[in-house]
Structure formats: structure tokens, C-alpha cells
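Some notes on the structure that comes next.
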Amino acid sequence: KQGKYQPGQTDAFLTHAFMNLSELYQRFGKNPESAAEHILGMAIEMFDVTGGAILHHDINDPGDQLLFKAARGPKSEQLLEKPVKMGQGPVGICALLGVSLNIKNLAGEARFAGGVLNELGLDIGPIMCVPIHGDDWLQGVIALFKIKGSNVFTDSQLGILEHVSATYGAFLKQARAADARDSLPTLTDGLKTRADIPQKKRTKTLIPRSR
């Protein structure tokens, strides 16, 4: 079991994260929700945070929203019931711009006002938000936060979370590709086999011998 992050341990934690994520598809290939819970639990343990969440984005959603797939910490059950609009609050801005955010004190940043985190009255100080990419399109966001007055997140911690996010994004891409393959008909679907085709009864034609 890996302990909590300490300054100067970036390489060790990247190794730990890789070991935990290397078998992600084998363990959760058919259940992205369980994978989200696993990823979030690992991140919260590593960084000793107050709470966090993983949200998914459906590119085909006409509302263009992010939906919580896993959440832990204060009022996490309420978070799971609320969508996040693109461009709203730190999570929505992270998703809209497609860039990582490392905010020292959310309560003191007027530009990140709004969003479900503030609506629920969570007294958040430091927060990290990292986009989950799949090739050139957004698949979601990972967010970790601490209560106001806690130590800020370091750039090294943000880098580790970006690695976790990239690995999780690759998992989602692989899982969705597998689902697409499973839903496609096989080449033999709808084709008749030889056994399905009625065979004409063969008869012998007798040719008289010449005298």
C-alpha cells in the first residue's frame, strides 16, 4: 500500500500509479463506473484530500453537460445527482478549455464562481481539475479538493494526476471500442450455410450401352 504523497516523491508515485492502472482494463473492462470508483479512491488516498469526483462527458449529449460517475467527500451523494454545465465553475471551465487547473483557493477566485461545488456550500480551498482526453475529444474531468486553509497542491501533484487522467482516458477509449465491436454483427450474420440451403436430390442418369 502506497503512503501519502511527500515532496520529492514524484517518481515513486508515478511508478505506484502505473502499477495500479496497468491492469485497469482487465479488471474493469466491462464496468467503467467501477473503474471510476477505483481511480478516485486511489487518488484520494495518495493526496490526502477532503474529497473529489470523476465526471464523464458524452459528446452526443445535446445538453453538452458533464455527469458525475464517482464522488467522495462532503455531500458526495448530492453531487452525483447534479450535472455540470460546460464553462461553469472550475470543473466546467477545465472541461471547456481542455486544460488542467491548479487553484490555490477556490473561495477567493471570483472567475470560478458558480457551479455545483459552490452551490452546495462546500468550503473549498485548493482544488485540482484535470481533463480526461480521448484522442482529440473530451471524455471527462477528474477533480480533487481540500477544505479552505489546507496546503495547496504542488505542480508535481498536478503532474501525477495528469498521468492518472491520461491512463484512465486510454481505458475509456479501449472499453468503448470493445463495446462497439461487440455491438457489430459478425461477417457471417444473416448468411446461409450449406446446411441451411435445400439440396436437390441427385439421381443417376442411365446411359444405354451401344451394341
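The values are calculated or read from the model by the stated rules, or taken from the named source; none is laboratory data. All of these numbers come straight from a predicted model, not from anything done at the bench. Cβ: placed from backbone, ideal geometry, glycine included. Neighbour counts: every protein chain shown. These accessible areas exclude ligands, DNA and RNA; they are computed on the full protein's heavy atoms, side chains included. Shrake-Rupley method; radii C 1.70, N 1.55, O 1.52, S 1.80 Å.
Which of the residues belonging to the range 147-183 are open to solvent by 60 Å² or more (accessible area, probe 1.4 Å), at pLDDT 90 or above and not in a loop (DSSP other than H, G, I, E, B)? Ile147, Asp155, Glu162 - these are the residues of the range 147-183 that are open to solvent by 60 Å² or more (accessible area, probe 1.4 Å), at pLDDT 90 or above and not in a loop (DSSP other than H, G, I, E, B). Residue count for the range 126-156 satisfying the condition of being polar (S, T, N, Q) and either closer than 19 Å to Arg72 by Cα or in contact with a Ser or Thr (Cβ under 8 Å, 6 or more places away or on another chain) (or both): 2. Output yes when any residue across the range 6-27 is hydroxyl-bearing (Ser, Thr, Tyr), modelled with pLDDT of 90 or more and buried (at least 16 other Cβ atoms within 10 Å of the Cβ), and no when none is. No, the range 6-27 has no match at all. Would the range 86-105 turn up any residue that is in contact with an Asp or Glu (Cβ under 9 Å, 6 or more places away or on another chain), in a strand (DSSP E or B) and at pLDDT 90 or above? Yes.
Within the range 121-146, restricting attention to residues that are surrounded by fewer than 16 Cβ atoms within 10 Å (Cβ to Cβ) and farther than 30 Å from Ala175 by Cβ, the residue that is modelled with the highest pLDDT is Asp123. In a residue-by-residue description of the range 187-208, the property of being open to solvent by 20 Å² or more (accessible area, probe 1.4 Å), among the charged types (D, E, K, R), modelled with pLDDT under 90 and in contact with an Asp or Glu (Cβ under 9 Å, 6 or more places away or on another chain) applies to no position.
Of all residues in the range 53-69, count the ones that are modelled with pLDDT of 95 or more and small (Gly, Ala, Ser). Total satisfying the criteria: 1. Reported count of residues in the range 48-81, each being in contact with a Phe, Trp or Tyr (Cβ under 7 Å, 6 or more places away or on another chain), over 18 Å from Ala175 (Cβ atoms) and either open to solvent by 10 Å² or more (accessible area, probe 1.4 Å) or not in a helix (DSSP H, G or I) (or both), is 6.
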